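The values are calculated or read from the model by the stated rules, or taken from the named source; none is laboratory data. As the structure is a prediction and not an experimental result, all values here were calculated from the model. Glycine also receives a Cβ, built like all others from the backbone with ideal geometry; neighbour counts cover every protein chain displayed. All accessible areas refer to the heavy atoms of the entire protein, side chains included, with ligands and DNA or RNA removed. Shrake-Rupley method; radii C 1.70, N 1.55, O 1.52, S 1.80 Å.
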Amino acid sequence: MPLPRGRVLPLGDRTAVMAILNVTPDSFADGGRYADPETAIAQAARAIESGAGLIDIGGESTRPGAQPVAVDEEWARVGPVIEGVRRRADIPISVDTYKAEVARRAIDCGADIVNDISALTYDPELAGVVARTGVALILMHTRGRSSDMYAHARYADVAAEVTAELQARDAAAREAGIAADRLLVDPGLGFAKQAPHSLAALAGLPRLSSLGRPIVSGPSRKSFLTHALGPRKPDERVWGTAAAVAASVLLGAHVVRVHDVAEMVEVVRVADDLRAAAEGQAG
């Protein structure tokens with residue numbers, strides 16, 4: 001996928017690994033660890049060295065129950081990191097935000113992708129920013145806000161409903177002037193979903209492929225993994241994450257969004273080979 005300024009989102013035979021870089025004090029997985037800009041920039045460098053194809057930088061926690069932060073506070077967190085990573089590397093940068101003003105500033109500093117958890121439902125100005133600048137946009141499925149998302153976790157057919165709701169958001173994005181070849185979709189594992197819903201959404205990736213958009217899957221360290229593992233802290237869910245990442249690749253994901261880059265790059269390489277072998281036999 002071509003991006004502004006001549007960069008390219010690596011979508012092809014190999015699944016791209018998106019490194020998560022949370023620069024918030026309250027992230028569920030690594031809260032506060034990368035709040036210092038220089039520490040975050042160094043972590044981005046390690047992720048790139050370990051094989052990340054792109055970096056996703058976020059300055060507001062969107063875990064269930066999280067409180068929103070103001071534009072200037074979010075920008076104070078992500079701005080120096082985006083600028084620092086861009087000075088040091090030509091890798092595609094994604095900004096994890098639903099705020100139009102944060103996205104605009106990030107794009108001005110070199111971001112290539114907006115990763116919007118709300119699929120253009122939280123800030124009506126965001127679609128215009130994306131359309132005008134020509135960056136890529138990830139439309140993620142959710143319902144409600146972080147404060148009440150589990151109240152909306154009611155489904156009769158998870159895969160069908162997630163696909164239909166993302167199809168509607170995809171149509172809204174195109175109506176706002178965003179080119180179809182700039183859109184990706186994400187089933188929103190853990191967002192407005194109880195554990196069985198997230199598992200069904202992951203298993204339903206082949207249904208989501210009917211939209212004809214690249215698929216982003218983000219199972220990393222999420223609580224739905226404890227459905228199988230039992231009680232585990234987020235940083236103790238690496239092996240469960242590995243299983244979900246492998247499943248994501250085999251079920252058709254084009255991008256996997258992860259915390260543990262070096263480990264998941266190896267998982268993805270093997271899963272990619274398995275998928276290629278399976279496709280070869282089918283052919």
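Counting only residues 5 or more places away or on other chains, whose amide H sits under 5 Å from the amide H of LEU139 once H atoms are built in the peptide plane?
Residues meeting the amide H criterion: LEU184, VAL185, ASP186.
Roughly how many Å² is the accessible area per residue of the chain, as a whole number, for a 1.4 Å probe?
Here the per-residue accessible area is 41 Å².
Between region 105-150 and region 181-218, what's the alpha-carbon centroid distance in Å?
Their Cα centres are 16 Å away from one another.
Which percent of the Cα-Cα distances in region 133-259 go past 17 Å? Mind dumping the intermediate values first?
Details: 4495 of 8001 pairs.
Taking all Cα-Cα pairs of region 133-259, the fraction more than 17 Å apart is 56 percent.
Once region 67-195 is represented by equal point scatterers at the alpha-carbon sites, with solvent omitted, what log10 I(q)/I(0) does the Debye formula produce at q = 0.11, 0.16, 0.20 Å⁻¹?
-0.39, -0.81, -1.14
Return the distance in nm (one decimal) between the two label points of a simple spin-label model at ALA228 and GLU125, each offset 7 Å from Cα along Cα→Cβ.
Using points 7 Å along Cα→Cβ, the separation is 4.3 nm.
Work through the residues other than ASP273 whose Cβ is under 15 Å from its Cβ and net out their charges, Lys, Arg +1 and Asp, Glu -1.
On the way: positive: ARG14, ARG269, ARG275; negative: ASP13, GLU266, ASP272, GLU279.
With Lys, Arg at +1 and Asp, Glu at -1, the neighbours total -1.
Taking only DSSP H segments of four or more residues, each worth -39500 (n - 2.57), what value at 222 nm results for the chain once the sum is divided by all its residues, to the nearest 500 deg cm²/dmol?
Numbers: 10 runs with 118 residues, N = 283.
Rounded to the nearest 500, it is -13000 deg cm²/dmol.
Return the lysines within reach of LYS193: Cα separation strictly under 20 angstrom, same-chain partners fewer than 8 residues apart disregarded; answer none if there are no such residues.
LYS222, LYS233
Go from 0 up to the bin containing the longest alpha carbon distance in region 1-110, width 5 Å each, and give me the % of pairs per bin.
Reading upward from the zero bin: 2, 13, 23, 25, 20, 11, 5, 1.
How fast does the chain diffuse by Stokes-Einstein, in µm²/s, taking the Kirkwood radius from C-alpha pairs at 37 °C and 0.692 mPa s? Present the calculation step by step, with values, prior to reporting the outcome.
Numbers: Rh = 18.6 Å.
This corresponds to a translational diffusion coefficient of 176 µm²/s.
Taking the Cα centre of region 195-268 as the origin and placing charges on Cβ (Lys, Arg +1; Asp, Glu -1), which of VAL255, ALA200, GLY230 is farthest toward the positive end of the dipole?
Of the options given, the answer is ALA200.
Counting other C-beta atoms within 10 Å, and keeping those with at most 11, which DSSP coil chymotrypsin sites (Phe, Trp or Tyr not before Pro) do you find in region 130-238?
Sparse-neighbourhood loop chymotrypsin sites (Phe, Trp or Tyr not before Pro): none present.
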